[in-house]
Amino acid sequence: MSTNCQPRLGEMLIEAGFVNSQEVERAMEFQSRLGGKLGAVLIRLGALSEDNLLNTLSKQLDIPVIADIPIDITPLLDVIEKSGIEQDWWLDQEVVAWEANDNIHCLARDPLSDTINEVFYNIFSDQNIIWYLSRQQDLDRILDLLAKSNTNENFGDTDDVNLLRELAEGAPVVEFVNNMLSQAIDKRASDVHMEPEERTFFVRYRIDGVLYEHLNLPKERFNPIASRIKLISGLDIAERRLPQDGRLNTRVSGQELDIRVSCLPGIHGESIVMRLLPKERQTSSLAQLGFSPDHYKMFNKWISEPHGIILVTGPTGSGKSTTLYAALDAVNNRTQKIITVEDPVEYQLGGITQVQAHSDIGYTFASALRSILRQDPDIIMIGEIRDKETSEIAIQAALTGHMVLSTLHTNDAVSAFTRLIDMGIEPFLVSTSVRAVQAQRLVRRLCDCAILTTPLAIIQDQLERILPTELANQAPIWKQAVGCKKCQQTGYQGRVGIYELVYITGEMQTLILENASTIEMRKLASKQGFRNLREDGFIKAYQGVTSVEEVMRVTEEIV
């Protein structure tokens, strides 16, 4: 395995766009003081993910990256026995090998180690030796299994707080956590889930709203990793019986991240969820959210009105906050005073006063709103209407000449009216203050690998009734998901909104005053040209943006 005339790793990483020159210089300075390999230092500093490092090392060293490491340790033990070298040497050198097709396949923490190479080429001189690169956690897992084959000790599964703190600050655990976050960012994950079970624990990433399994590791490695996450997010590593919430700011894969951490005790240990919020993420414009032409015009008209309440509804993770930020960006012409009250503040917007609520110290949405109204605002954005007190102040603000934008947790648009009434708001206040309601969901965008298809005739017939006039002359582009390396074989990449919009007409006001059922309100809205979430999703499928299957998946429970 020759290492002569190899290009420098730092230069290759910069050329590939994985890091910048400043990050490499910083890592080299760190390396000169504390030692270690450049790639490992970059991972520890949060500048690089292990996957990008491995791909670059593979090109530099001409060593392939292994995809499937043997889980059965019997072949590993067979090679150890054949070598005549004590198992402790293999564990100390952090190297494993197995025999297949008369070749010796090798995996080591440092495949360039002179000691390992000299020993192997002496022992296996009559066989071809094939080296591989692998993720650190994959090698750790097989070394853990190998260590357990001749000992009953359980080094990682400990409840000793001092030992856990020591392990949590050790290089292997620090690199694991940083790498786990880097890979999450590289894969466009919004959340990282760590879920312990009886003998293993899983790491799953939520990508485009869907959870995908990323790792499955031995349970004894969970506590040090969980302690590391708690330590850097300001949580008590000794507390495992009560839920805890924390946060941290860090740099991962070249991005500044605000990470919200939630720990929930379970029967096999704490479930840990990390919400990843890039600080430098650009606010989307209304035109980028996926509105159909008629919906785009309608929503723009709503936010241009001088007063009233506009509600955006949907479950957690349906893009409500993104829509409100886009609306504020659209109306932010510096001629109006715009104030938001949020918990938490997810995006920072220029020219807008943003207020962070702190319910733990009594600074709730309601108390913040009272202060905001004394600031002479024109437009107010409330992160969420959660209770009667907040809704009463919002309605009062709307009735006294302010435009109020907020979110509400309901399944569809017309349910917002009954939700407010159920909170204790008088129907006449709801009918006179609320101007419009929008419900939304997010569906996954098709990747470029999608292929053309033909939908069911019933769907095509339905579209003839609801297709906006702006799209009537556009040829349909029905597609179905396939999957490729770019989209990680999912068939989708990114997400787009589907919407239903209800404007409060005089007839709708009458139904609200009569406390009519949502069924009656929906019938009236349909007569007035309203289309539901599934129908709007079918329009996106008609345009080739998403697939019919994805629309059906997302809207299955709400139609």
Subject >> Residue satisfying condition, being under 23 Å from SER371 (Cα atoms), among the hydroxyl-bearing types (Ser, Thr, Tyr) and within 33 Å of the chain's Cα centre (by Cα), within set THR407, THR400, THR418 >> reply: THR407
Original post:
Is there any pair with a first residue in the stretch 455-472 that is within 19 Å of MET298 (Cα to Cα) and a second that is of a type outside the set (Gly, Ala, Ser) whose Cβ atoms are under 6 Å apart and which are 6 or more apart or on different chains, and what are they?
Top reply: ILE466/ARG531; ILE466/GLU535; PRO468/PRO293; PRO468/ASP294; GLU470/PRO293
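Residue-by-condition table, conditions (1) farther than 18 Å from ALA366 by Cα; (2) in a loop (DSSP other than H, G, I, E, B); (3) touching a Pro at 6+ places or on another chain (Cβ under 6 Å); (4) of a type in the set (D, E, K, R):
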| residue | (1), (2), (3), (4) |
| --- | --- |
| GLY401 | yes, yes, no, no |
| THR407 | no, no, no, no |
| ALA439 | yes, no, no, no |
| ARG444 | yes, no, no, yes |
Subject >> Subset of the stretch 435-478 that is among the β-branched types (Val, Ile, Thr) and open to solvent by less than 30 Å² (accessible area, probe 1.4 Å) - its residue that is nearest to VAL496 (Cα to Cα) >> reply: VAL443
**OP:** Identify, from the list ARG228, ARG251, ARG240, ARG199, the residue that is within 28 Å of SER134 (Cβ to Cβ) and touching a Pro at 6+ places or on another chain (Cβ under 8 Å).
**Re:** ARG199
Original post:
For the stretch 35-63, how many residues are more than 28 Å from the chain's Cα centre (by Cα) and closer than 27 Å to ASP88 by Cα?
Top reply: 4
**OP:** Quick one: in the stretch 98-118, of everything that is small (Gly, Ala, Ser) and within 15 Å of ILE63 (Cα to Cα), which residue is farthest from the chain's Cα centre (by Cα)?
**Re:** SER113
Original post:
Looking at (1) farther than 30 Å from GLY351 by Cβ; (2) surrounded by fewer than 16 Cβ atoms within 10 Å (Cβ to Cβ); (3) in contact with a strand residue (DSSP E or B) (Cβ under 8 Å, 6 or more places away or on another chain), which is the only condition MET194 fails?
Top reply: (2)
**OP:** Output the residues belonging to the stretch 410-434 that are within 28 Å of GLN336 (Cα to Cα) and open to solvent by 40 Å² or more (accessible area, probe 1.4 Å).
**Re:** LEU429, THR432
**OP:** Could you tell me whether the stretch 337-345 includes any residue that is polar (S, T, N, Q) and without any contact (Cβ under 8 Å) to a residue 24 or more places away in the chain?
**Re:** no
**OP:** Please go through the stretch 330-356 and pick out each residue that is over 15 Å from ARG370 (Cα atoms), touching a Ser or Thr at 6+ places or on another chain (Cβ under 6 Å) and open to solvent by less than 50 Å² (accessible area, probe 1.4 Å).
**Re:** TYR347
**OP:** Provide a single number: the residues in the stretch 475-514 that are outside any loop (DSSP other than H, G, I, E, B) and under 19 Å from THR453 (Cα atoms).
**Re:** 4
**OP:** Could you tell me whether VAL554 is surrounded by 18 or more Cβ atoms within 10 Å (Cβ to Cβ), in contact with a Pro (Cβ under 9 Å, 6 or more places away or on another chain) and modelled with pLDDT of 90 or more?
**Re:** no
Subject >> Index of the failed condition, VAL41 passing every other in (1) open to solvent by 30 Å² or more (accessible area, probe 1.4 Å); (2) more than 22 Å from PRO218 (Cβ to Cβ); (3) in contact with a Leu (Cβ under 9 Å, 6 or more places away or on another chain); (4) aliphatic (A, V, I, L, M) >> reply: (1)
Original post:
Which one is farthest from SER182 (Cα to Cα), of the residues in the stretch 206-231 that are assigned to a helix (DSSP H, G or I) and open to solvent by 30 Å² or more (accessible area, probe 1.4 Å)?
Top reply: LYS219
Subject >> In the stretch 485-533, the residues that are over 23 Å from SER284 (Cβ atoms) and among the basic types (Lys, Arg) >> reply: LYS485, ARG522, LYS523, LYS527
Subject >> Members of the stretch 94-109 that are closer than 24 Å to GLN137 by Cβ and open to solvent by 50 Å² or more (accessible area, probe 1.4 Å) >> reply: GLU94, ARG109
**OP:** Run down ILE425, ILE421, ILE459 and say which single residue is in a loop (DSSP other than H, G, I, E, B) and of a type in the set (A, V, I, L, M, F, W, C).
**Re:** ILE425
Subject >> Top-ranked residue in the stretch 515-532 [being touching a residue at least 60 places away in the same chain (Cβ under 8 Å) and in a helix (DSSP H, G or I); ranked as most open to solvent (accessible area, probe 1.4 Å)] >> reply: ARG522
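Let's see how each residue does on (1) modelled with pLDDT of 90 or more; (2) in contact with a Cys (Cβ under 6 Å, 6 or more places away or on another chain); (3) open to solvent by 40 Å² or more (accessible area, probe 1.4 Å); (4) farther than 22 Å from VAL312 by Cα:
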position: GLN489; (1), (2), (3), (4): no, no, yes, yes
position: VAL496; (1), (2), (3), (4): yes, no, no, no
position: THR510; (1), (2), (3), (4): yes, no, yes, no
position: LEU513; (1), (2), (3), (4): yes, no, yes, no
position: ARG534; (1), (2), (3), (4): yes, no, yes, no
position: ALA541; (1), (2), (3), (4): yes, no, no, yes
**OP:** Would you mind finding the one in GLY234, GLY246 that is outside any helix (DSSP H, G or I) and open to solvent by less than 20 Å² (accessible area, probe 1.4 Å)?
**Re:** GLY246
Original post:
Residue check: is ILE393 without any contact (Cβ under 8 Å) to a residue 60 or more places away in the chain, assigned to a strand (DSSP E or B) and β-branched (Val, Ile, Thr)?
Top reply: no
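The values are calculated or read from the model by the stated rules, or taken from the named source; none is laboratory data. What you see is a predicted model, and the numbers here were worked out from it, not measured in a lab. Methodologically, a virtual Cβ is constructed for each residue, glycine included, from the backbone with ideal geometry; neighbour enumeration extends over all protein chains shown. We work out accessible area using only protein heavy atoms, side chains counted, and drop any ligands, DNA or RNA first. Shrake-Rupley method; radii C 1.70, N 1.55, O 1.52, S 1.80 Å.
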